[in-house]
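The values are calculated or read from the model by the stated rules, or taken from the named source; none is laboratory data. Just so it is clear, the structure is predicted and the values come from calculations on it, not from any experiment. As a convention, Cβ positions derive from the backbone with ideal geometry for all residues, glycine included, and neighbour counts pool all protein chains shown.
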Amino acid sequence: MGPITGSIRREGITTAWLDWGGDGPPVVLLHPNGFCAGVYDPLARRLTSRYRVVGIDLRGHGSSDDVVDPALLGNDAMALDVLAVADHLGFDRFAVVGVSFGGGVGIETAAAAPERVDALVLCEAIAIEVQARELQHFGFQGGPDGGEHPLAVGARRRRDVWDDRAAVSASYGSRPPLNQLAPEALAGYIRWGFRDRPDGTVELACRPETEALIFGSPDRHGPVQAFDALRRVAADGRVPAAVMAGTRTDLDPAWFRAQAETLGVDLQLIDGGHFCLFEDTDRAERLVIESLTDLSDPSQI
């Protein structure tokens, strides 16, 4: 059986989610930029033996509304969407697992409502000290592409429309970085991360412009503000957290060391790249369960 779908509307924007059900305390899964909640499908199914598992399509992704206004793509706004979904589902308290961009949104969620977040599991979260931003600018300065960040340039060049999902799978599964994902995780992304078109073709659910703006816009509440929020989470002390990073990440490992140091925890290194949590489902299940168990408050069990 597949997950149940749902959606709510907040301030004119629809946010959708996948609900795998399960018994136990709620866990909310937040995906990387350009992906969707469906990439968690194989992991979410495993976690239902211990948790009530919900994955949110962050605005502009998956089945949520298209958004191409950078002012509406801030991590802080998406954190409020997460809290609105939790309210709708009756989650007074919940844990958050966030990968990459989803980790940045998870940090903002914990900062906005520390009394509601039981635990925060971050894997390669995009939360960067201002000095690191200046050295490795997310509003890339100079270069032949109009001064944009290279990842934003690449996002705008992504092929938007495909003949069918089989063609997407053949292409994505044959080249990095997506060929490094576990096949079942890639299948979940392709199933829920593409929309059927009337002519029988499929298109990306996350518009290339949306992905590009999240990577490169200097006008959104983004990675530096997420690191400031992480400092507030650490100072507040109510949200226990874990920080993970891939041993072969193509990002700066210093980002994740700084996150762990700020939170006063050890950095957990995982054999793999930026999307290491999606590369091996057995390992991901073990890592998430161990982290949530270690971070759990016995009084809430």
- Message: I need the full set of residues from the stretch 176-220 which are farther than 26 Å from residue 44 by Cβ and free of Cβ contacts under 8 Å to residues at least 24 places away in the same chain, in order please.
- Response: 198, 199
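For residues that are surrounded by 12 or more Cβ atoms within 10 Å (Cβ to Cβ) and either basic (Lys, Arg) or closer than 22 Å to residue 212 by Cβ (or both), tally how many sit in the stretch 162-183. Let's see the steps before the verdict.
Of the stretch 162-183, the ones surrounded by 12 or more Cβ atoms within 10 Å (Cβ to Cβ) are 162, 164-165, 167-169, 171-173, 177-183.
Among the residues that remain, those that are also either basic (Lys, Arg) or closer than 22 Å to residue 212 by Cβ (or both) are: 162, 165, 168, 171-172, 177-178, 181.
Within the stretch 162-183, residues that are surrounded by 12 or more Cβ atoms within 10 Å (Cβ to Cβ) and either basic (Lys, Arg) or closer than 22 Å to residue 212 by Cβ (or both) number 8.
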- Before we move on, is residue 262 touching a His at 6+ places or on another chain (Cβ under 7 Å), among the β-branched types (Val, Ile, Thr) and closer than 28 Å to residue 77 by Cβ? no
- From (1) within 22 Å of residue 206 (Cα to Cα); (2) at pLDDT below 95; (3) in a loop (DSSP other than H, G, I, E, B), pick out the condition that doesn't hold for residue 126. (2)
- Message: Need a quick list: strands (runs of 3 or more DSSP E) entirely within the stretch 1-116 having at least 1 residues that are of a type in the set (D, E, K, R) and at pLDDT 95 or above.
- Response: 4-10, 13-21, 52-57
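I'm trying to understand the selection: among the residues of the stretch 50-80, which are among the charged types (D, E, K, R) and within 15 Å of residue 206 (Cβ to Cβ)? Full working, then the answer.
Initially, the stretch 50-80 is screened for residues among the charged types (D, E, K, R), giving 50, 52, 57, 59, 65-66, 69, 76.
Of everything in the stretch 50-80, those that are among the charged types (D, E, K, R) and within 15 Å of residue 206 (Cβ to Cβ) turn out to be 57, 59, 65, 66, 69.
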- Query: Within the stretch 1-18, restricting attention to residues that are surrounded by fewer than 19 Cβ atoms within 10 Å (Cβ to Cβ) and under 17 Å from residue 52 (Cβ atoms), which residue is farthest from the chain's Cα centre (by Cα)?
  - Reply: 1
- Query: Going by the conditions given, is residue 238 modelled with pLDDT of 95 or more, farther than 18 Å from residue 178 by Cβ, basic (Lys, Arg) and touching a strand residue (DSSP E or B) at 6+ places or on another chain (Cβ under 7 Å)?
  - Reply: no
- Query: Which of the residues spanning the stretch 80-132 are of a type in the set (Asp, Glu) and in contact with a helix residue (DSSP H, G or I) (Cβ under 7 Å, 6 or more places away or on another chain)?
  - Reply: 108, 118, 124, 129
- Query: Inside the stretch 75-116, can you point out the residues that are buried (at least 22 other Cβ atoms within 10 Å of the Cβ), over 13 Å from the mean Cα position of the chain (by Cα) and of a type outside the set (Asp, Glu)?
  - Reply: 85, 86, 94, 95, 110, 111
- Could you give me the residue pairs with C-beta distances under 7 Å whose first residue belongs to the stretch 269-293 and is within 23 Å of residue 252 (Cβ to Cβ), whose second residue is in a loop (DSSP other than H, G, I, E, B) and of a type in the set (Ser, Thr, Tyr) wherever it lies, and which are 6+ apart or on separate chains? 269/247; 270/247; 271/247; 272/247; 273/249; 274/100; 274/249
- Quick one: residue 264 ticks every box in (1) surrounded by fewer than 20 Cβ atoms within 10 Å (Cβ to Cβ); (2) at negative phi except a single one, so which number is it? (2)
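Residues are listed down the side, and each one gets a yes or a no for (1) at pLDDT 95 or above; (2) closer than 27 Å to residue 61 by Cβ; (3) surrounded by 14 or more Cβ atoms within 10 Å (Cβ to Cβ):
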position	(1), (2), (3)
211	yes, yes, yes
216	no, yes, yes
220	no, yes, yes
247	yes, no, no
- Item | Close pairs from the stretch 160-172: first touching a residue at least 40 places away in the same chain (Cβ under 8 Å), partner among the basic types (Lys, Arg) and not in a strand (DSSP E or B), Cβ under 9 Å, at least 6 apart | 160/207; 161/197
- Answer from 290, 279, 209, 261 - the residue that is in contact with a Leu (Cβ under 7 Å, 6 or more places away or on another chain) and among the acidic types (Asp, Glu): 279
- Query: When the residues of the stretch 10-38 are filtered to those that are of a type in the set (D, E, K, R) and in contact with a helix residue (DSSP H, G or I) (Cβ under 9 Å, 6 or more places away or on another chain), which remaining residue is nearest to residue 275 (Cα to Cα)?
  - Reply: 19
- Quick check: is even one residue across the stretch 164-171 modelled with pLDDT of 95 or more, touching a Ser or Thr at 6+ places or on another chain (Cβ under 9 Å) and not in a helix (DSSP H, G or I)? yes
